[in-house]
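The values are calculated or read from the model by the stated rules, or taken from the named source; none is laboratory data. These numbers come from a predicted model, not from an experiment. Please note: Cβ atoms are built from the backbone with ideal geometry, for glycine as well, and neighbour counts cover all protein chains shown.
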Amino acid sequence: MKATAKAHTNIALIKYWGKRDESLILPMNSSLSVTLDTFYTVTTVEFNEKLTEDVFFLNGEKADHTDTERVSNYLRAIRKFAKKHLFAVVRSENHVPTAAGFASSASGYAALAAAATKAIGLNLHPQELSQFARLGSGSACRSIYGGFVEWQKGVKEDGSDSFAVPILHEDDFPIAVLSVMVATNRKKVLSRAGMKRTVETSPFYQGWLDTVEHDLSELKHALELRDFTLLGEIAERNALKMHATTLGANPPFYYWQSATMEVMEAVQNMRSQGIEAYFTMDAGPNVKVLCLPEDEQKVYDQLKQIPSVKKIFTCHPGPGVTILPTGEADV
Ligand code: ADP
Ligand code: DP6
Ligand code: CO
């Protein structure tokens, strides 16, 4: 009753922002992301009849109450489905900063979904696995697949048609994503709380809803054409629009720091010099710069000059979730 899984993070090009159902994690809008090769989580789950509660270790340390409770609530749904009422030890290693806007909840819950369902004896089709991952963190449903992935929001109340579908394989459209680290501390407003406050209080949220499905269909068109310029323009626009909704919330909030804006400006300056680079940010201050692989060194060199930039990770489209041989990858 033990299994280990590895899942990569993803960066949204069209953002998931807002839930229509908070317990089933059903989104207001469909979204589209690219899974990244550099950042990932490895999670081992072992169900054991001797345990009297779930135990969660994150990066070698016993996790705090809030993170443990979220994992335990999640395992409850898996136990119920599998009709096996056993507690588990979960050991997870994030090869990505936790809760800093690098999508640790995506790789974390995709790896947990795969390891926990396998350990409890379920053999799921990827589409079912994507739905299970969604219950842990919405963005996790996209990390089941590699490459470019769409999360179709679905229309049903039970969530049975809300899951991710692969759009392009990781080798089908080579792009570079430079993940620019400006801060690694845990964010004050978690994605979950941030989108809830925005949906409930921001007058700008309706503007998001009115335009996001159009952005998505344009982005899918750009993928079909392998049109990087179109992809970058839409992704940058969509990211700015999502972040703008948080400024209208009550109380207002934003995820940017001054270094975030310095990177954004540097990217726009590069474009005026004729280098094709675009930015996007998830719920955090760190910036992901999109460019073509042939420009990645040039873009890296320019970003490196910004004093507030701590580190730059050069990422490319990466693979979907995998089960690792138990024992070998124990963490
Ligand atoms: P991020 O930008 O990193 O996705 P979120 O606000 O979406 O930040 O989610 C952060 C939360 O995700 C953490 O507080 C924790 O509860 C959960 N999380 C992160 N990594 C893992 C992991 N490896 N296993 C289980 N839960 C995780
Ligand atoms: C801005 O999937 O982390 O990164 O479903 O509440 O766990 P929960 O939120 P999460 O939200 C991600 C928001 C985003 C955009 C995106 O990844 O699509
Ligand atoms: Co997240």
Practice problem: Give me a count of the residues in segment 78-133 that are away from ligand 3 (no atom under 16 Å from the Cβ) and of a type in the set (Phe, Trp, Tyr). | Solution: 3
Practice problem: Within segment 117-133, track down each residue that is of a type in the set (Gly, Ala, Ser) and part of a loop (DSSP other than H, G, I, E, B). | Solution: Gly121
Self-check item: Answer from Val287, Val321 - the residue that is under 30 Å from Met1 (Cα atoms) and buried (at least 17 other Cβ atoms within 10 Å of the Cβ)
Solution: Val321
Quiz prompt | Evaluation of Glu296 against (1) within 19 Å of the chain's Cα centre (by Cα); (2) more than 16 Å from ligand 3 (Cβ to nearest atom) (one fails), failing number | solution = (1)
Quiz item: What are the residues in segment 134-186 that are within 16 Å of ligand 3 (Cβ to nearest atom), closer than 30 Å to Ala266 by Cβ and not in a strand (DSSP E or B), if any?
Solution: Ser139, Arg142, Ser143, Ala183, Thr184, Asn185, Arg186
Practice problem: Find the residue count for segment 136-168, including only residues that are out of contact with any Phe, Trp or Tyr (no Cβ under 8 Å at 6 or more places or on another chain), surrounded by fewer than 24 Cβ atoms within 10 Å (Cβ to Cβ) and not small (Gly, Ala, Ser). | Solution: 7
Quiz item: For segment 15-62, how many residues meet the condition of being farther than 30 Å from Asp215 by Cβ and within 16 Å of ligand 3 (Cβ to nearest atom)?
Solution: 2
Quiz item: What number goes with the only condition from (1) surrounded by 23 or more Cβ atoms within 10 Å (Cβ to Cβ); (2) assigned to a helix (DSSP H, G or I) that Ser217 does not pass?
Solution: (1)
Quiz item: Can you tell me which residues in segment 1-23 are away from ligand 2 (no atom under 11 Å from the Cβ) and touching a helix residue (DSSP H, G or I) at 6+ places or on another chain (Cβ under 8 Å)?
Solution: Met1, Lys2, Ala3, Thr4, Ala5, Lys6, Ala7, His8
Exercise. Specify which of the listed residues (Ala100, Ala82) is modelled with pLDDT under 95 and surrounded by fewer than 22 Cβ atoms within 10 Å (Cβ to Cβ).
Key: Ala100
Quiz item: When segment 50-101 is examined, which residues are found to be among the acidic types (Asp, Glu) and over 21 Å from the mean Cα position of the chain (by Cα)?
Solution: Glu53, Asp54, Glu61, Asp64
Quiz item: For segment 1-52, list the strands (runs of 3 or more DSSP E) that sit wholly inside it and hold at least 3 residues that are touching a strand residue (DSSP E or B) at 6+ places or on another chain (Cβ under 7 Å), closer than 30 Å to Tyr278 by Cα and in contact (Cβ under 8 Å) with a residue 12 or more places away in the chain; which are they?
Solution: 2-14, 31-48
Practice problem: Kindly indicate whether Ala249 is hydrophobic (A, V, I, L, M, F, W, C) and closer than 12 Å to Leu13 by Cα. | Solution: no
Quiz item: Can you name the condition, by its number, that Val165 falls short on among (1) closer than 30 Å to Pro252 by Cβ; (2) within 16 Å of ligand 2 (Cβ to nearest atom)?
Solution: (1)
Quiz item: Which numbered condition trips up Gly101, out of (1) within 13 Å of ligand 1 (Cβ to nearest atom); (2) assigned to a helix (DSSP H, G or I); (3) not hydrophobic (A, V, I, L, M, F, W, C)?
Solution: (2)
